[in-house]
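The values are calculated or read from the model by the stated rules, or taken from the named source; none is laboratory data. Since the model is a prediction, treat every value here as computed from it, not as a measurement. Quick reminder, even Gly has a Cβ in these numbers, built from the backbone with ideal geometry, and neighbours come from all protein chains shown. The area values use the complete protein model at the heavy-atom level, side chains included, leaving out ligands, DNA and RNA. Shrake-Rupley method; radii C 1.70, N 1.55, O 1.52, S 1.80 Å.
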Amino acid sequence: MWGNIVRMRSYLLFVLLAICQAAPAAALVGDPKNGAFLFLRCASCHAVGKYASAGYGPQLNGIIGRRAASTKDFKYSEAMKKSGLTWDEKTLMAFLRAPHDVVPGTSMRFLGVKSEQQLADLLSYMRAF
């Protein structure tokens, strides 16, 4: 009898561990309204929206899925041109967290956003453009 109980507990523990490993990590849900507020920090260099154009930094319309250094109205750093990046959400989050770690030599002067929730909020806002 005790042998069956020990085997059953071992089996249940194995199943529970397998389920936990198979479950994807919960992604943060971004708040675009807060993202709009956070984007004010970016707006001194970047623009989004119908009339967006390059300024001190490139315009960011359609950034998700866009190849890095691909807009025609901005002069990118050599580091960005050679990065070979395509901006997906994972890459953007890493870049916004620590730009110089992702693209050493980038001309973007930004210390980064450390909060995962703020990053999710920013991306949620930027997806609208």
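Annotations for the structure displayed:
- Where 114, 33 fall by accessible area, highest first, once all protein chains stay in place (1.4 Å): 33, 114
- When the P(r) of the stretch 43-129 is calculated, the portion above 18 Å amounts to 40% of the C-alpha pairs.
- Accessible area of residue 44 in the full protein assembly, 1.4 Å probe (Å², nearest 10): 90 Å²
- Heavy-atom SASA rank of 106, 91, 86 (probe 1.4 Å, accessible area, largest first): 86, 91, 106
- The lysines whose alpha-carbon is closer than 28 Å to the alpha-carbon of residue 81, local same-chain residues fewer than 8 away aside, are 50, 72, 90, 114.
- Measuring r between the beta carbons of residue 79 and residue 37 and using R0 = 35 Å, the FRET efficiency lands at 0.70.
- Segment residue 116-residue 45, length gained on full extension (0.36 nm per residue, minus Cα span): 23.4 nm
- Solvent exposure, largest accessible area first (probe 1.4 Å, DNA, RNA and ligands not counted), of 109, 41: 109, 41
- Extension gain, residue 91 back to residue 29 (0.36 nm per residue minus Cα-Cα distance, nm): 20.6 nm
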